[in-house]
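The values are calculated or read from the model by the stated rules, or taken from the named source; none is laboratory data. As the structure is a prediction and not an experimental result, all values here were calculated from the model. Ideal geometry is used to build each Cβ from the backbone, glycine not excepted, and the neighbour counts take in all protein chains shown.
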Amino acid sequence: MTQAIRIHAPGGPEAMHWDDVPTPEPGPAEALVHHTAVGLNYIDVYFRTGLYKAPSLPATLGMEAAGVVSAIGADVRDLKVGDRVAYATGPIGAYATDRVISADRLVHLPDSISDNTAAAMMLQGLTAQYLLRRTHKVSPGETILVHAAAGGVGLILCQWAHHLGVTVIGVVSTEAKAELARAHGAAHVIVGHDKLAAEVKRLTGGAMVPVVYDSVGKDTFGASLDCLQPLGLMVSYGSSSGPVPPFDLATLSAKGSLFLTRPTLATYTASRADLTAAAAELMDAVSSGVVKIRVNQTFPLKNAADAHRALEARQTTGSTVLIP
């Protein structure tokens with residue numbers, strides 16, 4: 001048998017149950033992975049609450065994990081039993097001791113990266129990779145704005161962008177988180193967003209920024225638009241404060257012919273080639289020390305509800321890992 005955290009209906013953290021389920025058998029193009037570490041991400045909250053609809057119920061939560069291949073299907077050629085692997089794409093199902101997943105979604109782990117680091121870095125690190133390298137390919141000398149700069153993706157964005165010669169203005173909710181963001185490459189940190197545009201204007205000498213990376217959503221969307229220079233790009237890649245309400249598209253033209261995108265990791269890694277290229281760049285960045293993954297919290301997987309409560313209360317920094 002396998003143990004899994006499942007929801008039988010959308011709800012709060014109490015909706016998650018530690019269930020016994022049959023251990024699945026891999027199909028022809030699949031692999032069975034025994035998990036050693038599972039990543040915690042805000043998208044897990046979206047599926048738990050019903051903001052994102054699970055394919056069916058009961059549903060096992062979770063998007064990323066690391067572990068060891070324990071069985072492979074007949075058509076799998078690039079993996080063998082015993083390989084260390086990690087993944088960070090759908091479908092959901094990572095909150096389990098064992099799960100079957102399409103083999104083309106798995107990437108090999110080098111010896112230089114531990115299982116806990118891999119589980120913490122895949123979804124957040126691949127997100128940072130496409131944000132910085134593809135959604136808006138940052139250039140040396142640019143100044144960018146990063147919300148939730150002390151969170152999992154935020155700390156990676158700060159470090160990676162700094163390495164690429166970019167000046168990062170981070171936005172956080174507390175002074176303690178401000179210190180953390182500074183320690184990871186943010187040149188400037190703003191606590192709160194009440195006077196965000198005015199602070200960005202001061203820090204940039206009135207130039208504002210070409211791109212804003214915003215994972216907060218409803219509470220910061222309007223202020224983020226006001227921080228952009230003409231033809232700037234608003235990247236709304238999360239909604240931890242709630243979804244952005246409908247707004248008049250004419251707002252974008254009035255504020256300087258702005259661009260707006262709502263990207264997802266699933267789109268950017270849909271092809272095997274894109275996934276492996278992004279993962280290779282991420283693993284090089286982590287192995288070389290350019291990006292340091294901070295696993296600042298761990299919880300037993302069976303206590304995932306406690307991890308969700310801490311995440312939603314903004315009590316976490318860096319990455320959180322669930323241990324099966």
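When GLY238 is tested against (1) modelled with pLDDT of 95 or more; (2) outside the structural domain of ILE92 (by TED's automatic domain parsing); (3) among the small types (Gly, Ala, Ser), exactly one condition is not met: (1).
For the range 29-53, the tally of residues that are buried (at least 18 other Cβ atoms within 10 Å of the Cβ), touching a strand residue (DSSP E or B) at 6+ places or on another chain (Cβ under 8 Å) and hydrophobic (A, V, I, L, M, F, W, C) stands at 7. Taken residue by residue, the range 68-82 has no member that is buried (at least 16 other Cβ atoms within 10 Å of the Cβ), within 21 Å of the chain's Cα centre (by Cα) and under 21 Å from VAL21 (Cβ atoms).
Of all the criteria given as (1) under 13 Å from the mean Cα position of the chain (by Cα); (2) surrounded by fewer than 24 Cβ atoms within 10 Å (Cβ to Cβ), the one not satisfied by ALA149 is (2).
When you check VAL171 against the structure, is it buried (at least 23 other Cβ atoms within 10 Å of the Cβ), of a type in the set (Val, Ile, Thr), within 26 Å of ALA313 (Cα to Cα) and modelled with pLDDT of 95 or more, yes or no? Spelling it out, VAL171 is indeed buried (at least 23 other Cβ atoms within 10 Å of the Cβ), of a type in the set (Val, Ile, Thr), within 26 Å of ALA313 (Cα to Cα) and modelled with pLDDT of 95 or more. Among the residues making up the range 173-229, those that are under 24 Å from the mean Cα position of the chain (by Cα), of a type outside the set (A, V, I, L, M, F, W, C) and either outside the structural domain of PRO246 (by TED's automatic domain parsing) or not in a loop (DSSP other than H, G, I, E, B) (or both) are GLU175, LYS177, GLU179, ARG182, HIS188, PRO210, TYR213, ASP214, GLY222, SER224. For beta carbons closer than 6 Å, sequence separation of 6+ or different chains, a first residue in the range 1-25 that is of a type in the set (Val, Ile, Thr) and a second that is not in a strand (DSSP E or B), the qualifying pairs are THR2/THR23; THR2/THR97; ILE5/LEU61; ILE5/TYR95; ILE5/ALA304; ILE7/ALA15; ILE7/ARG48. The C-beta contact set for the range 193-220 (first residue under 24 Å from SER139 (Cα atoms) and in contact (Cβ under 8 Å) with a residue 40 or more places away in the chain, second residue of a type outside the set (Lys, Arg) and part of a helix (DSSP H, G or I), distance under 6 angstrom, 6+ apart or interchain) comprises VAL212/SER224; TYR213/LEU131; ASP214/SER224. Contact map, the range 69-87: residues that are within 26 Å of LEU265 (Cα to Cα) paired with residues that are surrounded by 11 or more Cβ atoms within 10 Å (Cβ to Cβ) and basic (Lys, Arg), Cβ distance under 9 Å, separation 6+ or inter-chain. Pairs shown: VAL69/ARG84; TYR87/ARG105.
Taking the criterion of being of a type outside the set (Gly, Ala, Ser) and not in a loop (DSSP other than H, G, I, E, B), the residues of the range 230-251 that qualify are PRO230, LEU231, LEU233, MET234, VAL235, THR251.
Total residues in the range 284-306 satisfying the condition of being within 17 Å of MET121 (Cα to Cα), in contact (Cβ under 8 Å) with a residue 24 or more places away in the chain and not aromatic (Phe, Trp, Tyr): the figure is 12.
Within the range 93-117, can you find the residues that are assigned to a loop (DSSP other than H, G, I, E, B), closer than 26 Å to LYS292 by Cα and β-branched (Val, Ile, Thr)?
First, the residues of the range 93-117 that are assigned to a loop (DSSP other than H, G, I, E, B): 93-95, 97, 106, 109-114.
Retained after the next criterion (residues that are closer than 26 Å to LYS292 by Cα): 94-95, 106, 109-114.
Once the filter is applied, which keeps residues that are assigned to a loop (DSSP other than H, G, I, E, B), closer than 26 Å to LYS292 by Cα and β-branched (Val, Ile, Thr), the range 93-117 yields only ILE113.
Can you tell me which condition ALA150 does not meet? The list is (1) free of Cβ contacts under 8 Å to residues at least 24 places away in the same chain; (2) not assigned by TED's automatic domain parsing to the domain that holds GLY39, and all the others hold. Looking at each condition in turn, ALA150 falls short on (1).
Only one of the numbered conditions (1) more than 13 Å from the chain's Cα centre (by Cα); (2) assigned to a loop (DSSP other than H, G, I, E, B); (3) under 20 Å from ALA198 (Cβ atoms) is not met by LYS137, and that is (3). Those helices (runs of 4 or more DSSP H) of the range 260-324 in which 1 or more residues are among the hydroxyl-bearing types (Ser, Thr, Tyr) and loosely packed, with under 15 Cβ neighbours inside 10 Å occupy 265-268, 272-287. No other residue among LYS255, LYS201, LYS218 is at pLDDT below 95 and surrounded by 12 or more Cβ atoms within 10 Å (Cβ to Cβ) apart from LYS218.
Does ALA54 meet the test of being more than 20 Å from the chain's Cα centre (by Cα) and either outside any strand (DSSP E or B) or at pLDDT 95 or above (or both)?
On the way: more than 20 Å from the chain's Cα centre (by Cα): no; either outside any strand (DSSP E or B) or at pLDDT 95 or above (or both): yes.
For ALA54, the condition - more than 20 Å from the chain's Cα centre (by Cα) and either outside any strand (DSSP E or B) or at pLDDT 95 or above (or both) - is not met.
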